[in-house]
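Notes for the one structure printed next.
The values are calculated or read from the model by the stated rules, or taken from the named source; none is laboratory data. Keep in mind that this is a model prediction, so the values were computed, not measured. Methodologically, a virtual Cβ is constructed for each residue, glycine included, from the backbone with ideal geometry; neighbour enumeration extends over all protein chains shown. To get the accessible areas, we keep the full protein, side chains included, count just its heavy atoms, and leave off ligands, DNA and RNA. Shrake-Rupley method; radii C 1.70, N 1.55, O 1.52, S 1.80 Å.
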Amino acid sequence: MSRALVLGGGMAGMLSAAVLAEHVDEVVVLESDVYPAAPGPRKGLPQAYQNHMLMGGGAQAVDRVLPGTIDALIAAGAHRRSIGDRFLILTAEGWSERFRTEPFVLNSSRHLVDHVVRQQVLRDPKIMVEEGVTVTGLRGDRDAITGVDADGGRRGFDADFVVDATGARSKAPQWLSGLGLPMVEEQFLDAGLAYAGRWYELPDGAGADFPGVLIQAEPATGRPGRGAALMPNEDGRWIVALMGTRGAHPPHDERGFLEYALSLRHPIIGNILSAARPLGTIRSSRATANRRRFFERMRLPANFVAIGDAVTVVSPNYATGMSVAALGALALRERLARTGLGRGSVAKAQTAIAKAGALPWQMALGNDRWFPGVETNVRMERLFGMDLSGVLGPFQQRMTARWQRTAASNFAMSRVTHEMTALTGSPAQMMSPRLMWSLIRGPQRPPLTAPAAIAQFPEFGELPYPSAADLPVERAR
Ligand SMILES: Cc1cc2nc3c(=O)[nH]c(=O)nc-3n(C[C@H](O)[C@H](O)[C@H](O)COP(=O)(O)OP(=O)(O)OC[C@H]3O[C@@H](n4cnc5c(N)ncnc54)[C@H](O)[C@@H]3O)c2cc1C
């Protein structure tokens, strides 16, 4: 009887379990937490107190691994929202026009995603979970893993195949090195981003149609980045995330939280919160560095792969981590469908998993590198050993800014931007002659003013304005 062990039962672990069940007699997920019976907090998922949205590309990947999951999430209260039509967005280059574009996100609490994905996976009788088991090491040698040690060696589990999905704090590099393998190469880029988050009940009148709001941080001003998001969750709750890079961390006391929201480039989120009822306490998170472990560059044991945050951690600012886990699981599935679990399958599978995270990683680094005080060991834009970052970097940054300014009022560019955000697009789409021509011409309409941008969404009612005196003239009439 063949058995695969999955270490860690979060998003990456659960989806990997579904994939492996197609190849072995049984899959055992070893999870250090005891899962709550209903969607709710658990120790191993502290980030779930913060805003989590599942990008459309990630949701579709989940649905391919586990058909019916998008519907199950929506039935449980998640909101499927067009990025262009259901969010008021202030980019680093100004307010975006409202466009009805296809690319979407799923908004819900992370607790709900965790719960629904797990329920979907555990319908398969070949998959079981051992809860309350903390994996502490790998057994075997550099050629093959034979099992794992758990709870400091007090327990052990045999395995024919092992997937590490223990997340950003994975100890797999140390465990592998303990078996005589070299340390896994690692890159990081840390803008020192901190989150402060809280759930709210919005006042009457803010129904299911109430728009989400995104105020994005400006990356290349020389000042720390400051931003915020207001997103719907299930059960009528809304979650607010305040975000600041090194030097501008959002406070987590009552008054400081509101003042930070009011002091952003536009106070709309603070204004809305002034009329909303807070639910629970303010929680902070600083686990936000971009980090990539290049497992695919080493000769791994023949029956071991790593996936999800254990491989690629993308700063939460880009809301792509769960999607990277899902796209990695889909890549694993597609690879194993061709090669099975036999010898030689692991190297290709690990490369496919790494590739699934490569674009989100590049997009995050392309933006985060411009915040002041960034710490990194990534050497950007090197060609034949020459450092071209001083030339290519600023050029790329200017082009990105011009793209954002133009896309704000250009439907086709806006759609492609949203496809990139949702991880359903490819950079090649941005290079089409039509879009390149639009980019060269630049914006064809003057930038939206704040009142005009907000007025695109009558669903806001008068909540963005704290008093009648603040109403734009056309609304006050
Ligand atoms: C503040 C913040 C906001 C974020 N916002 C978003 C967002 O909007 N959208 C998005 O897509 N992503 C977001 N992310 C990223 C997202 O949370 C992660 O990318 C995602 O959780 C990765 O899934 P994973 O399964 O690889 O790891 P995890 O979710 O961390 O799961 C790892 C699992 O392994 C278990 N475990 C750990 N060690 C052991 C062990 N030794 N033995 C047994 N079990 C173990 C843990 O208990 C946990 O269940 C955010 C992250 C942060 C920090």
Any hit, the stretch 303-324, residues being open to solvent by 10 Å² or more (accessible area, probe 1.4 Å), more than 13 Å from the ligand (Cβ to nearest atom), out of contact with any strand residue (DSSP E or B) (no Cβ under 6 Å at 6 or more places or on another chain) and over 17 Å from residue 165 (Cα atoms): no
Matching entry among 283, 265, 255 (being open to solvent by 60 Å² or more (accessible area, probe 1.4 Å) and within 19 Å of residue 450 (Cα to Cα)): 265
Residue under evaluation residue 378, criteria (1) at pLDDT below 95; (2) open to solvent by 60 Å² or more (accessible area, probe 1.4 Å), criterion not met: (2)
Meets criteria (within 22 Å of residue 298 (Cα to Cα) and either within 16 Å of the ligand (Cβ to nearest atom) or hydroxyl-bearing (Ser, Thr, Tyr) (or both)) for residue 199: no
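Residues are listed down the side, and each one gets a yes or a no for (1) over 30 Å from residue 208 (Cα atoms); (2) surrounded by fewer than 16 Cβ atoms within 10 Å (Cβ to Cβ); (3) free of Cβ contacts under 8 Å to residues at least 40 places away in the same chain:
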{"site": "413", "(1), (2), (3)": "no, no, yes"}
{"site": "418", "(1), (2), (3)": "no, no, no"}
{"site": "425", "(1), (2), (3)": "no, no, no"}
{"site": "442", "(1), (2), (3)": "yes, yes, no"}
{"site": "446", "(1), (2), (3)": "yes, yes, yes"}
{"site": "450", "(1), (2), (3)": "no, no, no"}
{"site": "458", "(1), (2), (3)": "no, yes, yes"}
{"site": "467", "(1), (2), (3)": "no, yes, yes"}
The stretch 102-125: number of residues that are buried (at least 20 other Cβ atoms within 10 Å of the Cβ) and over 19 Å from residue 29 (Cα atoms): 9
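Would you point out which residue out of 100, 64, 81 is assigned to a strand (DSSP E or B), basic (Lys, Arg) and outside the structural domain of residue 341 (by TED's automatic domain parsing)?
Step by step, each of 100, 64, 81 is checked, and only 81 is assigned to a strand (DSSP E or B), basic (Lys, Arg) and outside the structural domain of residue 341 (by TED's automatic domain parsing).
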Lone unmet requirement of (1) closer than 30 Å to residue 75 by Cβ; (2) at pLDDT 95 or above; (3) out of contact with any strand residue (DSSP E or B) (no Cβ under 8 Å at 6 or more places or on another chain) for residue 235: (2)
All positions within the stretch 308-353 that are touching a Pro at 6+ places or on another chain (Cβ under 6 Å) and outside any helix (DSSP H, G or I): 314, 320
Where residue 345 falls short, out of the listed (1) more than 14 Å from the ligand (Cβ to nearest atom); (2) open to solvent by less than 40 Å² (accessible area, probe 1.4 Å); (3) in contact with a Ser or Thr (Cβ under 6 Å, 6 or more places away or on another chain); (4) modelled with pLDDT of 95 or more: (4)
Those residues of the stretch 144-162 which are open to solvent by 70 Å² or more (accessible area, probe 1.4 Å) and closer than 17 Å to residue 181 by Cβ, in sequence order: 146
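Restricting to the stretch 1-56, and then to whatever is within 13 Å of residue 124 (Cβ to Cβ) and of a type in the set (Asp, Glu), can you tell me which residue is surrounded by the fewest Cβ atoms within 10 Å (Cβ to Cβ)?
Ranking the qualifying residues of the stretch 1-56, first place goes to 25.
Conditions tested, residue by residue: (1) open to solvent by 30 Å² or more (accessible area, probe 1.4 Å); (2) among the hydroxyl-bearing types (Ser, Thr, Tyr); (3) out of contact with any helix residue (DSSP H, G or I) (no Cβ under 9 Å at 6 or more places or on another chain); (4) modelled with pLDDT under 95.
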residue: 182; (1), (2), (3), (4): yes, no, no, no
residue: 188; (1), (2), (3), (4): yes, no, yes, no
residue: 191; (1), (2), (3), (4): no, no, no, no
residue: 202; (1), (2), (3), (4): no, no, no, yes
residue: 205; (1), (2), (3), (4): yes, no, yes, yes
residue: 213; (1), (2), (3), (4): no, no, no, no
residue: 217; (1), (2), (3), (4): no, no, no, no
residue: 229; (1), (2), (3), (4): no, no, no, no
Set 260, 200: member being out of contact with any His (no Cβ under 6 Å at 6 or more places or on another chain), over 30 Å from residue 100 (Cα atoms) and not in a loop (DSSP other than H, G, I, E, B): 260
Some residue of the stretch 112-133 being in contact with an Asp or Glu (Cβ under 9 Å, 6 or more places away or on another chain) and within 22 Å of residue 324 (Cα to Cα): yes
Residue in the stretch 147-177 that is nearest to residue 290 (Cα to Cα), counting only those that are within 10 Å of the ligand (Cβ to nearest atom) and assigned to a strand (DSSP E or B): 164
Count - residues of the stretch 69-89 that are over 21 Å from residue 238 (Cβ atoms) and touching a helix residue (DSSP H, G or I) at 6+ places or on another chain (Cβ under 7 Å): 3
